[in-house]
Amino acid sequence: MIEGERDDDLKIELELDEDGAVLERAEDLKEWDLPTSVKQSLKALTPGGDTREVSKLTTPRSIVFRVEVDFNDNDVVLILSETGALISRRQ
């Protein structure tokens, strides 16, 4: 596991195999960095919510976005696909 920061002070983590190939990449994002489809789903799923944290998880098979939102006085965690499809919701 390698941890570091991007130029904009956001955290990034890489998990590598024995040969140095990237198995998983996790990075913090700003809300405006999300794909339009994810932003639209976020707005529809938590209208008026206050986004607290955003991260992107990339593996060889998929890319998902984890978004923590303060919605109706509850902490909600959404996992969304690149297309904005809801994978999981937790309160």
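Cβ separations smaller than 6 Å between residues 6+ apart or across chains give the following pairs from region 45-61 residues that are under 19 Å from residue 10 (Cα atoms) to residues that are surrounded by 13 or more Cβ atoms within 10 Å (Cβ to Cβ) and of a type in the set (Phe, Trp, Tyr): 56/65.
Could you say whether any residue in region 72-88 is acidic (Asp, Glu) and touching a residue at least 40 places away in the same chain (Cβ under 8 Å)?
Here is the first cut: in region 72-88, the ones acidic (Asp, Glu) are 73, 75, 82.
Retained after the next criterion (residues that are touching a residue at least 40 places away in the same chain (Cβ under 8 Å)): 82.
Yes, because at least one residue in region 72-88 is acidic (Asp, Glu) and touching a residue at least 40 places away in the same chain (Cβ under 8 Å).
Among the residues of region 1-36, the one identified as more than 14 Å from residue 53 (Cα to Cα), touching a strand residue (DSSP E or B) at 6+ places or on another chain (Cβ under 8 Å) and of a type in the set (Gly, Ala, Ser) is 4.
Computed from the coordinates by the stated procedures, all read-outs in this text should not be read as laboratory data. Keep in mind that what you see is a predicted model, and the values were worked out from it rather than measured. Every residue, glycine among them, receives a Cβ derived from its backbone with ideal geometry; neighbour counts consider all protein chains shown.
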